[in-house]
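The values are calculated or read from the model by the stated rules, or taken from the named source; none is laboratory data. Small disclaimer: the values here were computed from a predicted structure and weren't measured. Glycine gets a Cβ as well: all are built from the backbone with ideal geometry, and neighbour counts include every protein chain shown. Side chains are part of the model used for accessible areas, which takes the heavy atoms of the whole protein and leaves out ligands, DNA and RNA. Shrake-Rupley method; radii C 1.70, N 1.55, O 1.52, S 1.80 Å.
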Amino acid sequence: MSNKRNKNTRRGRKMSSQQREKQQQMREQTGRGSGNSVQDARQRAMSTSPERATGTQGAAEEVRSGLFPPSRRPPRDPNRKPWEVYACMIMAVLIVFLVPDWRDPENPWPAWFYVAPLAFGVLGALFALLDKKRRLAWTSAGLGLVLFVGLVSVIALTGPA
């Protein structure tokens, strides 16, 4: 009999005494008398040692507890430069210099264009948060907010009366 649950236990019925004895014998033969086959299977699945292929667990083996096995993704490079964040911050500064159209005051930029520095600042902050760089995220969002407020102030002061 395998360690899988039979159809009676899946339906919530109790095992017969014969089934219970067979299952106990199987546990004793495999050396797992703990009675918690789900926990044992979870520990085997999360093990990373060479004993995993053979199915035996060594005493010196580390097993992470938890529901999900450890990630196989390579670790994030701590020296990576977040170029997306810097690009968004530069775009926010460039937009601030483009929005006040000094050559053609009769045909200004659309109103939604005034919010672009703030949007680029927040977008840069989101990119920084994806790289887990909180200080840079605050800097990017703050720069976008300061540029937005400064732009609105300059346009209000220098605009048509």
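Quick notes
- The set of residues in segment 85-141 being open to solvent by 50 Å² or more (accessible area, probe 1.4 Å), part of a loop (DSSP other than H, G, I, E, B) and closer than 19 Å to residue 158 by Cβ consists of 102, 103, 104, 105, 106, 107, 108, 109, 110.
- Criterion (closer than 15 Å to residue 143 by Cβ and at pLDDT 70 or above) met by exactly one of 110, 82, 100: 82
- Close Cβ contacts (under 8 Å, 6 or more residues apart or on different chains) running from residues in segment 27-40 that are at positive phi to residues that are at pLDDT 70 or above and not polar (S, T, N, Q) comprise 35/27.
- A Cβ distance below 6 Å, combined with a sequence gap of six or more or placement on separate chains, defines the contacts here; from segment 124-149, residues that are within 15 Å of residue 90 (Cβ to Cβ) reach residues that are hydroxyl-bearing (Ser, Thr, Tyr) in the pairs 124/140; 125/140; 128/140.
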